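Read through the structure below, which is laid out as structure tokens, and then see the notes.
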Amino acid sequence: MKIQLLPSTFDGAGRATPEQRLTCFLIDDRVTVDAGSLALALTDEQRETVRDIIVTHPHMDHIASLPIFIDDLFGTLTEPIRVHATEEVIAALEDDIFNWTVYPRFAELKNEHGPVMQYVPFKHGEEFKVAHLTVTAVPVNHIVPTVGLVISDAKTTVAFSSDTYQTEEFWELVNRTQRVDALLIEASFPNDMAQLAEVSRHFTPATMAEELHKLNHNGLDILTVHLKPAYRERLVEELHALRIPRLRVMEPGQIYEW
Ligand SMILES: [Zn+2]
Ligand SMILES: [Zn+2]
């Protein structure tokens with residue numbers, strides 16, 4: 001499985017910059033988890049192959065360019081963009097984004113080939129298929145309804161915490177999954193901002209490290225994500241100071257493969 005955290009900002013030479021402002025993980029050039037930087041960073045080839053988007057929650061940094069992605073492709077889509085989410089997340093997208101005011105209700109619109117956007121609801125704890133992947137989603141502890149995910153292809157399994165604070169069901173799911181190759185876990189605020197992290201339901205490096213005690217698997221890669229750009233340097237220092245084996249900060253634009 002090949003995963004890239006799509007960059008959202010670029011330097012003058014067009015290279016991805018290290019700050020992560022938006023969240024969108026591209027899997028095997030076909031599926032994404034969230035859609036923050038979806039319309040900003042795909043190659044022309046990837047724009048033709050990505051047709052399935054899993055939305056963990058409706059916060060703007062996770063959906064920012066979903067409407068723009070569909071808008072860009074509107075005339076040329078020969079199959080709909082499928083948006084996989086829980087019913088409550090779909091309702092939020094319809095009420096607050098695709099509401100004819102902020103954006104057209106694309107799920108009701110067609111081009112000459114047919115519908116351009118289709119919602120595919122999933123339920124907590126029930127396995128579902130997305131393209132070549134098998135996915136299970138469970139609620140995590142964030143300030144809006146949010147899911148963590150375990151995603152497998154035939155060979156590899158990767159767990160995504162999404163945005164969360166201390167949580168239980170996600171770890172139960174991860175621990176009952178036979179083999180997990182990698183965990184992508186958030187660490188949003190530095191340690192001295194623990195209070196803000198708690199009220200906004202995010203981790204600091206210290207609370208994330210504490211949380212990792214709930215993980216029963218050993219030897220997996222741990223990639224930290226969702227570092228708030230304003231505190232990135234401190235976060236990187238604090239994360240490295242934890243000296244957790246195989247823990248790295250995930251770099252936007254880099255391809256990780258298992
Ligand atoms: Zn969030
Ligand atoms: Zn977020």
So, first residue of a type in the set (Ser, Thr, Tyr) in the range 193-216, second residue within 15 Å of ligand 1 (Cβ to nearest atom) and in a helix (DSSP H, G or I), Cβ within less than 9 Å, six or more apart or across chains; the pairs are 204/197; 204/198; 207/197; 207/198
Kindly check whether there is at least one residue in the range 4-11 that is assigned to a strand (DSSP E or B), in contact with a helix residue (DSSP H, G or I) (Cβ under 9 Å, 6 or more places away or on another chain), crowded, with 20+ Cβ neighbours inside 10 Å and at negative phi. yes
State which residue is surrounded by the fewest Cβ atoms within 10 Å (Cβ to Cβ) when the search covers only the range 192-221 and only residues that are under 20 Å from residue 244 (Cβ atoms) and among the hydroxyl-bearing types (Ser, Thr, Tyr). 207
Residue 202: away from ligand 1 (no atom under 16 Å from the Cβ) and of a type outside the set (Gly, Ala, Ser), yes or no? no
Collect the residues in the range 141-175 that are on the phi < 0 side of the Ramachandran plot, in a loop (DSSP other than H, G, I, E, B), in contact (Cβ under 8 Å) with a residue 40 or more places away in the chain and within 13 Å of ligand 2 (Cβ to nearest atom), keeping them in residue-number order. 142, 143, 144, 146, 163
Could you tell me how many of the residues in the range 51-65 are within 14 Å of ligand 2 (Cβ to nearest atom) and either modelled with pLDDT under 95 or not in a loop (DSSP other than H, G, I, E, B) (or both)? 4
Selection from the range 26-43 of residues buried (at least 24 other Cβ atoms within 10 Å of the Cβ), out of contact with any His (no Cβ under 6 Å at 6 or more places or on another chain) and assigned to a loop (DSSP other than H, G, I, E, B) yields 35, 37
Go over the candidates 183, 173 one by one and state the one that is away from ligand 1 (no atom under 16 Å from the Cβ), within 30 Å of residue 126 (Cβ to Cβ) and surrounded by fewer than 21 Cβ atoms within 10 Å (Cβ to Cβ). 173
When the residues of the range 154-170 are filtered to those that are under 13 Å from residue 215 (Cβ atoms) and crowded, with 18+ Cβ neighbours inside 10 Å, which remaining residue is nearest to ligand 1 (Cβ to nearest atom)? 161
Going by the conditions given, is residue 23 within 16 Å of ligand 2 (Cβ to nearest atom) and not in a strand (DSSP E or B)? yes
Looking at the range 140-153, which of its residues are more than 10 Å from ligand 1 (Cβ to nearest atom) and either of a type in the set (Ser, Thr, Tyr) or surrounded by fewer than 19 Cβ atoms within 10 Å (Cβ to Cβ) (or both)? 141, 145, 152, 153
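The values are calculated or read from the model by the stated rules, or taken from the named source; none is laboratory data. Bear in mind the structure is a predicted one, so any value in this text is a computation, not a measurement. Cβ atoms come from the backbone with ideal geometry, glycine included; neighbour counts cover every protein chain shown.
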